[in-house]
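This report refers to the structure that appears directly beneath it.
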Amino acid sequence: MKQLRTLAESTPDVSFAVGAVYVKGVFDIRNAMKTADERMYRDKQEYYIQHPEKDRRRQKRSDDR
């Protein structure tokens, strides 16, 4: 993952969010997917905190005014 992030940081038009979970034994796949999804959105939120200029959603809101 670190290698992918390093490559993405050096490419201005590439960004992605990652969420993963590793479970052992008996598990509920839906719960595992929910956890991974929550982590992905947290990763995305952290990215936009660190790179607010790349948040197209925020730029669009500013343009609409």
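The values are calculated or read from the model by the stated rules, or taken from the named source; none is laboratory data. Small disclaimer: the values here were computed from a predicted structure and weren't measured. Heads up, the Cβs are rebuilt from the backbone with ideal geometry, glycines too, and the neighbour counts pull from every protein chain shown. Keep in mind that these areas ignore ligands, DNA and RNA; they rest on the heavy atoms of the full protein, side chains included. Shrake-Rupley method; radii C 1.70, N 1.55, O 1.52, S 1.80 Å.
Could you check the range 43-55 and list, in sequence order, the residues that are outside any helix (DSSP H, G or I) and either among the basic types (Lys, Arg) or open to solvent by 100 Å² or more (accessible area, probe 1.4 Å) (or both)?
From the range 43-55, those outside any helix (DSSP H, G or I) are 51, 55; that's our starting set.
Matches in the range 43-55: none.
I'm checking my understanding of the structure. Among residues of the range 4-23 that are hydrophobic (A, V, I, L, M, F, W, C) and part of a helix (DSSP H, G or I), which one is least open to solvent (accessible area, probe 1.4 Å)?
Filtering the range 4-23 down to residues hydrophobic (A, V, I, L, M, F, W, C) leaves 4, 7-8, 14, 16-18, 20-21, 23.
Then drop every residue that is not part of a helix (DSSP H, G or I), which leaves 4, 7-8.
Numbers: Leu4: 100, Leu7: 107, Ala8: 14 Å².
Out of the qualifying residues, it is Ala8.
Look at the range 24-42 and say how many of its residues are open to solvent by less than 90 Å² (accessible area, probe 1.4 Å) and either of a type in the set (A, V, I, L, M) or in contact (Cβ under 8 Å) with a residue 60 or more places away in the chain (or both).
The qualifying residues number 3.
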